[in-house]
Amino acid sequence: SKTGLVGGDLGVVAARPGEGKTALAEVLCLNIVRQGFGAAICSLDMGMKQLRGRLLSKMAHDPLNPGRGPSVKLLADRSLMTGLSDVRQGIREIRSYARRLAHRLEREGTPLKLLVVDYLDKIRGDKSEGDRRLQIGVLCNQLKDLAEELDCTVLLLVQINRSAELNPGGKPEERNLKESGDIEQAAD
């Protein structure tokens with residue numbers, strides 16, 4: 001595809017807090033929209049006002065077109081300007097949001113290519129599914145199913161725990177990613 005994204009894939013970006021996971025996702029979304037496709041950030045980590053400010057700032061500085069302001073179409077695109085809320089949400093709310101958005105974009109002739117979920121630890125799990133490790137596995141599989149259902153890429157942001165700093169050289173390893181086996185198994 002023109003975007004380089006494959007529909008139905010679940011991708012994972014994992015890093016320590018403050019290392020730019022969200023900033024990377026924002027730039028990816030903006031680039032997808034500039035190509036004429038739909039993209040959205042489903043933020044569970046920040047409110048809509050903060051997310052909107054960050055996106056507007058990035059849109060105002062376009063290194064590919066220096067001196068030119070953001071496109072009016074990008075500024076008007078509500079799909080990029082949406083966060084769920086400041087309250088922890090469950091997978092049901094994320095799925096509902098993503099489906100409504102995908103259908104709206106489809107009616108407008110702009111297929112949804114990228115849905116960013118920021119971030120895994122903030123998604124409320126179902127306590128009936130067991131401990132948090134089991135919940136994470138179920139959540140990852142449900143996000144993979146959502147990617148396939150909507151034929152878009154779902155990019156899941158995940159934080160690596162601070163114990164990575166104790167590794168030789170301070171470099172993170174898979175074991176520093178909570179529930180890494182379940183996340184890795186669901187990711188493409």
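Would you check which residues across the range 123-140 are assigned to a helix (DSSP H, G or I), within 27 Å of G20 (Cβ to Cβ) and either open to solvent by less than 60 Å² (accessible area, probe 1.4 Å) or modelled with pLDDT of 85 or more (or both) and list them? Please lay out each step first, then the result.
In the first step, residues of the range 123-140 are kept if they are assigned to a helix (DSSP H, G or I); the result is 127-129, 132-140.
From what is left, the residues that are within 27 Å of G20 (Cβ to Cβ) are 132-133, 135-137, 139-140.
Answer for the range 123-140, where residues must be assigned to a helix (DSSP H, G or I), within 27 Å of G20 (Cβ to Cβ) and either open to solvent by less than 60 Å² (accessible area, probe 1.4 Å) or modelled with pLDDT of 85 or more (or both): Q135, I136, G137, L139, C140.
Looking at (1) in contact with a helix residue (DSSP H, G or I) (Cβ under 9 Å, 6 or more places away or on another chain); (2) modelled with pLDDT under 50, find the lone condition where A76 falls short.
With respect to (1) in contact with a helix residue (DSSP H, G or I) (Cβ under 9 Å, 6 or more places away or on another chain); (2) modelled with pLDDT under 50, A76 is out only on (1).
Of the conditions (1) modelled with pLDDT of 65 or more; (2) assigned to a loop (DSSP other than H, G, I, E, B), L55 clears all except one; give me its number.
(2)
Test T22 against the criterion of being at pLDDT 80 or above, among the β-branched types (V, I, T) and farther than 20 Å from L157 by Cβ, and give yes or no. Step through it out loud before you land on a result.
Numbers: at pLDDT 80 or above: yes; among the β-branched types (V, I, T): yes; farther than 20 Å from L157 by Cβ: no.
No, not satisfied.
Do you know which of the residues in the range 141-166 that are modelled with pLDDT under 90 and open to solvent by 10 Å² or more (accessible area, probe 1.4 Å) is farthest from the chain's Cα centre (by Cα)?
Initial filter on the range 141-166 (modelled with pLDDT under 90): 158-166.
In the following step, the residues that additionally are open to solvent by 10 Å² or more (accessible area, probe 1.4 Å) were identified as 159-163, 165-166.
On the way: Q159: 13, I160: 16, N161: 19, R162: 22, S163: 24, E165: 25, L166: 28 Å.
Top of the filtered list is L166.
Among the residues of the range 103-122, which ones are more than 14 Å from the chain's Cα centre (by Cα) and open to solvent by 10 Å² or more (accessible area, probe 1.4 Å)? Break it down into steps so the answer makes sense when it comes.
Going residue by residue through the range 103-122, those that are more than 14 Å from the chain's Cα centre (by Cα) are 103-111.
Result: H103, R104, E106, R107, E108, G109, T110, P111.
Residues of the range 111-137 being out of contact with any Asp or Glu (no Cβ under 6 Å at 6 or more places or on another chain) and of a type in the set (D, E), which ones?
D121, D126, E129, D131
So, in the range 86-122, exactly how many residues are in a helix (DSSP H, G or I) and among the hydrophobic types (A, V, I, L, M, F, W, C)? Let's see the steps before the verdict.
Keep residues of the range 86-122 that are in a helix (DSSP H, G or I), which gives 91-107, 120-122.
In the following step, the residues that additionally are among the hydrophobic types (A, V, I, L, M, F, W, C) were identified as 91, 94, 98, 101-102, 105, 120.
So the answer is 7.
Among the residues of the range 1-43, which ones are hydrophobic (A, V, I, L, M, F, W, C), within 23 Å of V138 (Cβ to Cβ) and in a loop (DSSP other than H, G, I, E, B)?
Listed by number, the list is empty, since nothing qualifies.
The values are calculated or read from the model by the stated rules, or taken from the named source; none is laboratory data. Keep in mind the model is a prediction, meaning the values are calculated, not measured. FYI the Cβ positions are ideal-geometry reconstructions off the backbone, even for glycines, and counts take in every protein chain you see. Only protein heavy atoms, including side chains, enter the accessible area calculation; ligands, DNA and RNA are left aside. Shrake-Rupley method; radii C 1.70, N 1.55, O 1.52, S 1.80 Å.
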